[in-house]
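Everything on this sheet refers to the single structure shown next.
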Amino acid sequence: MILSLPKNDLNEYVIKLIQVYFPKTNCIKQEIVPKKIFNLALERLEYCFSKIEISYYKKNKKIFFNHLNSDHMVIFLYFLSNTIWNELKTETIPTKLFYLNKIMHGIDLFYSIKMPDIFMVVHPLGTVIGKANYKNYLVIYQNCTIGSSSGNYPTIGEKVILYSKVSVLGKSKIFNNVIISSNSFLMNSLIPKNSVVFGQEPDLVIKKNSNSMIDNFFC
């Protein structure tokens, strides 16, 4: 994978961002992201990006991560925070990385949320990605909300696109190859595979998805 910054510089860049937004006092130890953990996060990022077909994820036909591309950086900060949490079970740096993602990109994606290995966020401003059961090849646009209702969480299958201002709440279950159109509201909804969804619960309109829109995003 081609990096816009050398690996060590990228690590240092992230630490400096943390220090800028969360200044330490003399009694707080210097933040350190161990190289092994940092490399694991980059491996997860590379695998994810290797499945994305969008042109700005490639450079000279190779996988490309650009720290100045906000769509790239959102995913990287999530993978980094989640990897630190999974491997070290520490909360301090993952919490700061989660908050940093909010500050920089306007997205709420907590470090303990289990995202799929392959997903994309597009213009992620105003998006809240909460606890749910996620599958691969997921695309989430701006101002989307995924979350619980009365302690119930959604299940989202493979090859699902959530366009702008979509809400998926409660025990909604979305099967594979589904497009949720802009401004749709799903609450405890059951969406069959190969569908396009319009409108708001309880008046959803569900039509057959006869195109391959997801192929525009992933290989």
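Mind checking whether some residue in segment 81-97 is under 17 Å from residue 45 (Cβ atoms), of a type in the set (Val, Ile, Thr) and in contact with a Leu (Cβ under 6 Å, 6 or more places away or on another chain)? So far as segment 81-97 goes, yes, one or more of its residues are under 17 Å from residue 45 (Cβ atoms), of a type in the set (Val, Ile, Thr) and in contact with a Leu (Cβ under 6 Å, 6 or more places away or on another chain).
Among the residues of segment 73-110 satisfying the criterion of being open to solvent by 70 Å² or more (accessible area, probe 1.4 Å) and not in a helix (DSSP H, G or I), which is farthest from residue 35 (Cα to Cα)? Going through the qualifying residues, I end up with 110. Of the strands (runs of 3 or more DSSP E) entirely within segment 142-219, those holding at least 1 residues that are surrounded by 14 or more Cβ atoms within 10 Å (Cβ to Cβ) and out of contact with any Leu (no Cβ under 7 Å at 6 or more places or on another chain) occupy 145-147, 160-162, 178-180, 185-187, 195-198, 205-208.
Any residue at all in segment 24-42 that's hydrophobic (A, V, I, L, M, F, W, C), touching a strand residue (DSSP E or B) at 6+ places or on another chain (Cβ under 6 Å) and crowded, with 19+ Cβ neighbours inside 10 Å? No, segment 24-42 contains no residue that is hydrophobic (A, V, I, L, M, F, W, C), touching a strand residue (DSSP E or B) at 6+ places or on another chain (Cβ under 6 Å) and crowded, with 19+ Cβ neighbours inside 10 Å. For segment 111-127, filtering for residues that are at pLDDT 95 or above, buried (at least 16 other Cβ atoms within 10 Å of the Cβ) and either hydrophobic (A, V, I, L, M, F, W, C) or under 10 Å from the mean Cα position of the chain (by Cα) (or both) leaves 8.
The values are calculated or read from the model by the stated rules, or taken from the named source; none is laboratory data. This is a predicted model, so every value here is computed, not measured. Glycine gets a Cβ as well: all are built from the backbone with ideal geometry, and neighbour counts include every protein chain shown. Accessible surface is based on the protein model in full, side chains and every heavy atom, while ligands, DNA and RNA are left aside. Shrake-Rupley method; radii C 1.70, N 1.55, O 1.52, S 1.80 Å.
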